[in-house]
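Quick notes on the structure that follows.
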Protein chains: 2
Amino acid sequence: MAESALGAAPGTMATMPGPARPSHLNRAIAARLKRDADGLVPAVAQQHDTGEVLMVGWMDDEALHRTLTTGRCTYWSRSRGEYWVKGETSGHQQWVRSVALDCDADTVLVQVDQIGAACHTGERTCFDADVLPAVVGVPGARTSPAPSAT
Amino acid sequence: MAESALGAAPGTMATMPGPARPSHLNRAIAARLKRDADGLVPAVAQQHDTGEVLMVGWMDDEALHRTLTTGRCTYWSRSRGEYWVKGETSGHQQWVRSVALDCDADTVLVQVDQIGAACHTGERTCFDADVLPAVVGVPGARTSPAPSAT
């Protein structure tokens, strides 16, 4: 854990941690990237033509650099603690079409051309198998109970 | 920071933190939810018909519970440390269509009907304004240099 998170209220972010590892990421991009305490940002991979949200991975500065410069999505594996070129062994590559940062520069959206299944379970996307029971909202309706407003 | 993260290698996750705050979330869902050290999971909001990825927010157990049961997307604001019902003051509500967990139960995808702009800047999505220069990948091509394979 970066020291920057110490002293912050639980569930809040105090300051902006720097890169966790050395990287060749463009300096202007690195300067505005807002990382979590582990030096990571979530990266959403979306199929460029169908719009399917395929998966969410994590990128540090260097994973983003490799994604921007090699044409292949590269993530940081939080469980293995190493870089992970999507599809390098499975053959289910993600070929980069475009990359965008969000308005807060703390999330990446990668439009990709996904070969085969994006999910390690063999499903096309990581969100296909576990749909939760949810109340469908009706635009214009008043919700009840109303949680704290912002 | 949850103590579970202490002792873990930088950038890796050691154990699964529990809920950060009390919640009425369904117990079966809560039991399999894999939270970060702050008790949060990223939540991707996608427009249900156009497929636009609108934004990525954060949910704790209770935010997910409210999203599942009120028909309105509710997030946990990391900067303010409070629940945040999307559009409650701006009028730019997110009405829930469906909610799914990913294969690792550590990310949420919410299909929504977004009223107006999803982004606080007034853009339709949070990813409209900051497209990064990227090499477009060509399926079947060999990338060079080839980073570590997995």
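The values are calculated or read from the model by the stated rules, or taken from the named source; none is laboratory data. Everything quoted here is computed from the prediction, not taken from an experiment. Virtual Cβ from ideal backbone geometry, glycine too; neighbours counted across all protein chains shown.
Some values worked out for this structure:
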| read-out | value |
| --- | --- |
| Residue in region A:18-41 that is in a strand (DSSP E or B) and modelled with pLDDT of 95 or more present | yes |
| Index of the failed condition, A:TRP58 passing every other in (1) closer than 18 Å to B:ASP130 by Cα; (2) buried (at least 17 other Cβ atoms within 10 Å of the Cβ); (3) more than 7 Å from chain B (Cβ to nearest Cβ) | (1) |
| Unmet criterion (only one of (1) buried (at least 16 other Cβ atoms within 10 Å of the Cβ); (2) more than 7 Å from chain B (Cβ to nearest Cβ)) for A:GLY122 | (1) |
| Region B:79-95: number of residues that are within 7 Å of chain A (Cβ to nearest Cβ), surrounded by fewer than 20 Cβ atoms within 10 Å (Cβ to Cβ) and under 15 Å from B:CYS126 (Cβ atoms) | 1 |
| Every residue from region A:75-108 that is in contact with a strand residue (DSSP E or B) (Cβ under 9 Å, 6 or more places away or on another chain), over 16 Å from B:PRO133 (Cβ atoms) and among the polar types (S, T, N, Q) | A:SER77, A:GLN93, A:GLN94, A:THR107 |
| Elements of type strands (runs of 3 or more DSSP E) in region B:57-150, at least 1 residues being at pLDDT 95 or above and more than 14 Å from the chain's Cα centre (by Cα) | B:82-85, B:94-101, B:108-114, B:130-132 |
| Scope region B:42-56; condition part of a loop (DSSP other than H, G, I, E, B) and either touching a Phe, Trp or Tyr at 6+ places or on another chain (Cβ under 7 Å) or not charged (D, E, K, R) (or both); matching residues | B:HIS48, B:THR50, B:GLY51 |
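Listed here are the residues, each with its yes/no results for (1) more than 7 Å from every other protein chain (Cβ to nearest Cβ); (2) closer than 19 Å to A:GLY51 by Cα; (3) buried (at least 19 other Cβ atoms within 10 Å of the Cβ).
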{"residue": "B:ALA45", "(1), (2), (3)": "yes, yes, yes"}
{"residue": "B:THR70", "(1), (2), (3)": "no, no, yes"}
{"residue": "B:ARG97", "(1), (2), (3)": "no, yes, no"}
{"residue": "B:VAL108", "(1), (2), (3)": "yes, yes, yes"}
{"residue": "B:ALA129", "(1), (2), (3)": "no, yes, no"}
{"residue": "B:VAL135", "(1), (2), (3)": "no, no, no"}
